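Below: one structure, written as C-alpha cells.
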Amino acid sequence: MSGNIQLLSDTLAAARSEGRSALIAYLPAGFPTVDGGIEAIKAVIDGGADVVEVGLPHSDPVLDGPVIQTADDIALRGGVKIADVMRTVREAHAATGKPILVMTYWNPIDRYGVERFTAELAEAGGAGCILPDLPVQESALWREHAEKHGLATVFVVAPSSKDERLAQITAAGSGFVYAASLMGVTGTRASVSNQAQDLVERTRATGTGLPVCVGLGVSNPAQAAEVAGFADGVIVGSAFVKAMLDAPDEAAGVEAVRALAGDLAKGVRRQA
C-alpha cells in the first residue's frame, strides 16, 4: 500500500490556491492517553488544521522544550508504543481524510527497522515523516524506503544553515521543508523570530519548489498571521500541547485544542 505524500502535496497546493498558508498542528501520540490523543487530533482538524504531525514520544527529545517534554513523559509513562503511533495515524486519517505525518527522532526508527516502519506507516495512511535529527548525508536508506512506500521525507533547516546546506537538504527532501524559526527548542514565545523570513527566502532560493513551512514559537492568531505572510505553512505544536495540559480533564482539553485550531485557522487566512 502506498502512503499519502500526494495528499500532502495536494493539501499544501490547495491552501496556496486559496491565497493562504496551511495550518499544520502537532500533537504527541498517547497524550494524554492513546484514545484521548486521537480525539484531540480529530478536534484540531475539525477546528481548521490542514495537516497534523503526530509526535512519536521520545525519552530525550532534543528539539523539544519543556511543554512537549512533559507531554512525552505522560505518554511514555502510559506505555505508548510505536503500534499506538501507527494506530493514531490510521484512525486520524480514516476519520478526517487529512494528511497525517509522524515527527520522530531517528533512534526509534533505527531500532524498529526502516523497512518495517515505512511499510506500516504507509499501510496506516500516513503521509510521511519529519526527521529533525537525521543528517541528510546519512538519509539514503530512509529515503529509499520512504519513496518506495509513497512517504514524504521532511527535513528541518535552521537559521544557522548555510546556503550550500540548504540546497543539499531541499534536493533530498520531499513534501515540504520544516524551517525552524530560531535556534533553540520548541515552545510558545511572545514574538516570532525575525530570522524566519530570511530562512524561508534562502530555502526557496534553492529552486526546488518545495513548500517551506515555519515552526517554533507560533502560539496565537497574530503570530500565525505574521508567519503566513511569508511561509507556505504555519506549524503550531507547544500551544496545542499546553492547551491540553492546562485543561481540567481530557474532554475539556479536546475542546480547547479545537477552539485554538479555529483561532489559528483564522490567523493564517488574514496574513499580517
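Express the accessible area of the range 37-155 per residue in Å², computed with a 1.4 Å probe while the remaining protein chains stay in the model.
Per-residue accessible area for the range 37-155 comes out at 38 Å².
Report, in deg cm²/dmol and to the nearest 500, the calculated mean residue ellipticity at 222 nm for the chain, where each DSSP H run with n ≥ 4 adds -39500 (n - 2.57) and the sum is divided by the residue count.
-15500 deg cm²/dmol
Would you calculate the separation in nanometres between label points at Gln137 and Glu115, each defined as 7 Å from the Cα along the Cα-to-beta-carbon direction?
Roughly 2.8 nm, to one decimal.
How big, in percent, is the set of alpha carbon pairs in the range 44-106 lying more than 15 Å apart? Intermediate results must be reported in sequence, preceding the final value.
Values: 1045 of 1953 pairs.
That fraction is 54 percent.
Could you work out the mean projected area of the convex hull around the alpha carbons of the range 132-186, in square nanometres to one decimal? Walk me through the intermediate numbers first.
Values: hull surface 15.6 nm².
Reported value for the Cα convex hull: 3.9 nm².
Using label points projected 7 Å from each Cα along Cα→Cβ, tell me how many nm separate Ala252 and Glu18, to one decimal.
Modelled inter-label distance: 3.1 nm.
Output the pairs from Lys98/Lys162; Lys81/Lys242; Lys162/Lys266; Lys98/Lys148 with a Cα-Cα distance over 24 Å in this structure; if there are none, say none.
Beyond 24 Å: Lys98/Lys162; Lys162/Lys266.
Running a GNM on the chain with Cα contacts under 10 Å, which residue among Ser160, Ser139, Ser174 ends up with the highest mean-square fluctuation?
Looking only at Ser160, Ser139, Ser174, the biggest GNM fluctuation is shown by Ser160.
What is the sum of charges, Lys and Arg at +1 and Asp and Glu at -1, for the other residues whose Cβ falls under 15 Å from the Cβ of Thr33?
On the way: positive: Lys42, Arg77, Lys81, Arg87; negative: Asp35, Glu39, Asp72, Asp73, Asp84, Glu91, Asp249, Glu250.
Net of charged neighbours comes to -4.
Take each of the peptides 260-267, 232-239, average the number of other beta-carbon atoms within 10 Å over its residues, and list them starting from the highest.
On the way: 260-267: 21.5, 232-239: 26.6.
Put in order of decreasing packing, that is 232-239, 260-267.
Would you mind calculating the gained length between Arg270 and Thr33 on full extension (0.36 nm times residue separation, minus the Cα-Cα distance), in nm to one decimal?
81.9 nm
The values are calculated or read from the model by the stated rules, or taken from the named source; none is laboratory data. The structure presented is a predicted model; accordingly, all values stated were derived computationally and were not measured. All Cβ positions, even for glycine, are placed from backbone atoms using ideal geometry, and neighbour counts span all protein chains on display. Heads up: the accessible areas ignore ligands, DNA and RNA and are worked out on the full protein's heavy atoms, side chains in. Shrake-Rupley method; radii C 1.70, N 1.55, O 1.52, S 1.80 Å.
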